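For reference, the structure discussed in these notes is given below.
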Amino acid sequence: MRVLNYLELASQLERSGIGTSTDQQRAALASVEGVEVVTSPWRGGDPVRGAATGLFGGGGAVVDYDVAHCNLIGPGSLTVARHAALHDRPLVLHAHVTREDFAESFRGSTQVAPALGKYLKWFYSQADLVLCPSEYTKRNLEAYPVDAPIRPMSNGVDLSRLEGFESLREETRERFDLDGTVVFAVGSVFERKGLTQFCELAQDADHDFVWFGHVDDGPHASATVERWTENPPENVTFSGWMDDPRAAFGAGDVFLFPTKDENQGLVVLEAMACGKPVVLSDIPVFREYFTDGEDCILCSTHEEYLDALDRLSGDPDLRRRIGENARETAAEHSLERVGERLVEAYEDVLDGRT
């Protein structure tokens, strides 16, 4: 089976959850016998060379494949979708982007989200199968409604990518002047991911708080992000981009993620894989995957968050128990399982079983 696993704008998205998820798909498929993965639809690696190859060498501008799997929603993916339809090849579209998680991501995104929803309804409806990270996302897509079969599938977590995180603890804590129980978040700094809640909790807590991740400072950066990152509470650090994400998981003690909406939350699985206790917003997608009081603590109010942080800080046994359970949960999302489920999905679309 030859699979075109495509992510347009890959270089711009290497720091994103979409980029990480796509890398994990490819790593998962690499271990499956009988599957060959190509990552660019263009012969020669780009549209210009592809067109030249097709014009002068014959065979067309697009590589040969059995199944196309696209991970974004732009013109490159649309070209692949049209090619698949013209040549009667199965098309799998991965719904990493939804109307709900697009809002509050950057300046103007909330206003654009309704129009995006209309586009996504049309775009995803072209697929023979839509993959999405959770049942929660599936329900959102069905409400648009997307006119295609939809199958939830965990993004998984690459355990090998996190190996050795403990060795970076002291160096990272010294670099950012962190002490005691460190409350941390990982990922690009967006208001949707709970930035205001994170900073307001820090104002009422005695711990060091640090958000490890890229901060947009261009014209598209939201006013809320600018306000908090330019004048943060005294005990809050914004690290900026981290070349080695393991450093964040090494330095932090309690992972805090008061996000407003997620399709799954890849960084949560990464924190769990490192055995960190996680404090999360009580939203449907986390209820779907995790169990409050067992492998996480779910919170709805400012007071609940503060209580959770205080309990974890003051009770090493609780911290250890939830962290160990979290590690077991993360193991259920291994790339081996992702690879098996991806191949199953590809075989189903090839056989018309969706």
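Suppose we take every Cα in the range 128-242 and form the convex hull; what volume per residue is that in Å³? Walk me through the numbers on the way to the answer.
Working: hull volume 18.8 nm³, N = 115.
So the per-residue hull volume is 163 Å³.
Determine Rg/Rh for the range 225-289; Rg is computed over alpha-carbon atoms and Rh is the Kirkwood hydrodynamic estimate from the same atoms.
Values: Rg = 13.2 Å, Rh = 13.5 Å.
Rg/Rh for the range 225-289 comes to 0.98.
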Please list HIS87, HIS207 from largest to smallest accessible area, probe radius 1.4 Å, with all protein chains kept in place. HIS87, HIS207
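Using helices alone, what [θ] at 222 nm do you get for the chain, with -39,500 (n - 2.57) per DSSP H run of 4 or more residues, divided over all residues and rounded to the nearest 500? Let's see the in-between values first.
Values: 15 runs with 155 residues, N = 354.
Theoretical 222 nm ellipticity from helices: -13000 deg cm²/dmol.
May I ask you to order 242-253, 224-235, 116-127, 29-40 by the average number of other C-beta atoms within 10 Å around their residues, highest value first? Let's see the in-between values first.
Working: 242-253: 19.8, 224-235: 15.4, 116-127: 17.7, 29-40: 13.9.
Averaged packing, sorted descending, gives the order 242-253, 116-127, 224-235, 29-40.
Using heavy-atom solvent-accessible surface (probe 1.4 Å) with all chains present, what is the largest-first order of MET272, MET1? Walk me through the numbers before you get to the answer.
Details: MET272 0, MET1 60 Å².
Ranked list, largest accessible area first: MET1, MET272.
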Give the relative contact order (percent, whole number) for the chain; include only Cα pairs under 8 Å separated by 6+ residues. 17 percent
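If you count only protein heavy atoms with a 1.4 Å probe, what accessible area per residue comes out for the chain, rounded to a whole Å²?
Working: 15590 Å² over 354 residues.
In whole numbers, the chain has 44 Å² accessible per residue.
Just the number, please: carbon plus sulfur as a percent of the accessible area of the chain, 1.4 Å probe, no ligands or DNA/RNA counted.
On the way: 7330 of 15590 Å².
Carbon and sulfur: 47 percent of the exposed surface of the chain.
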In the set (1) 1.01; (2) 0.99; (3) 1.05, which value of Rg/Rh (Cα atoms, Kirkwood Rh) was calculated from the structure you see? (2)
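With an 8 Å Cα cut-off and a minimum separation of 6 or more residues, compute the relative contact order for the range 146-242 in percent. Spell out each step's value before the answer.
Values: 96 pairs, mean separation 26.8, N = 97.
Once normalised by length, the contact order is 28 percent.
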Where a Cα-Cα gap under 21 Å defines reach, which lysines qualify for LYS118, not counting those fewer than 8 residues away within the same chain? LYS138
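The values are calculated or read from the model by the stated rules, or taken from the named source; none is laboratory data. These figures come from a predicted structure and were not determined experimentally. A quick note on method: Cβ atoms are made from the backbone with ideal geometry, for glycine too, and the neighbour counts reach across all protein chains shown. Accessible surface is based on the protein model in full, side chains and every heavy atom, while ligands, DNA and RNA are left aside. Shrake-Rupley method; radii C 1.70, N 1.55, O 1.52, S 1.80 Å.
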